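To start, the structure itself, in C-alpha cells.
Quick note: the coordinates plus some simple rules give every number you see, no bench work behind them. These figures come from a predicted structure and were not determined experimentally. Cβ atoms come from the backbone with ideal geometry, glycine included; neighbour counts cover every protein chain shown.
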Amino acid sequence: MQKRSIQRGRPTGTTTYEAEPAIAFGAAVREERTNQGIAQETLAHMAGIERSHMGKIERGEHVPTLPLILRIARALKCSSAHLMTLTEAKLAESAPSAD
C-alpha cells in the first residue's frame, strides 16, 4: 500500500471566509471612495496599507480586520457604522426575495 503525500494549505478555490459579506463590504468601500472622488491608491495610502491590498478588499478577496476597517473609515472621513450600513444594504439587495 502506497502512502499518500499530504498537501499543505487549502484546496484550490476554497475560502476560509464568507465571500458574500466580503464582496458587499468591498463594494461599499468602493462606492464611498468613488463618491468622494478618491483614487484607490490615495485611499490605500491614507489608510496606511498597500494599494494591492485595498484592491483585494474592494473586490471581496480579503476580509479586513476591525482595526483596518476603522482606518479605512477614518481615511474616508466617515464612520465604520456608515460603511457597515452600506454593506448591509448591499447584502439586502443581493438577497433573494421571498415572494
Revision key, fill the gap. Taking Rh as the Kirkwood radius computed over alpha-carbon pairs of segment 15-78 and applying Stokes-Einstein at 20 °C with viscosity 1.002 mPa s, one gets a diffusion coefficient in µm² s⁻¹ of 187 µm²/s
Review point. Per-residue HN-Hα couplings for segment 67-81, Karplus 6.51 cos²θ - 1.76 cosθ + 1.60 at θ = phi - 60°, whole Hz, x for Gly and Pro?
Key: x, 6, 4, 5, 5, 5, 4, 4, 5, 7, 6, 9, 8, 5, 4
Exercise for review: Name the residues whose placed amide hydrogens come within less than 5 Å of the amide hydrogen of HIS62, ignoring near sequence neighbours (fewer than 5 apart) on the same chain.
Suggested key: ILE57
Exercise for review: Consider a paramagnetic label point 7 Å from the Cα of SER94 along Cα→Cβ; state which residues of segment 18-47 have an amide N under 20 Å from it.
Suggested key: 18-35
Study note, to complete from the structure: For segment 49-63, in residue order, the Karplus 3J(HN,Hα) values (coefficients 6.51, -1.76, 1.60; θ = phi - 60°; whole Hz; Gly and Pro = x) are 10, 6, 4, 5, 5, 4, x, 5, 5, 5, 7, x, 8, 10, 9
Practice item. Based on the mean of other Cβ atoms within 10 Å per residue, sort peptides 88-96, 21-29 so the most packed one is first. Key: 21-29, 88-96
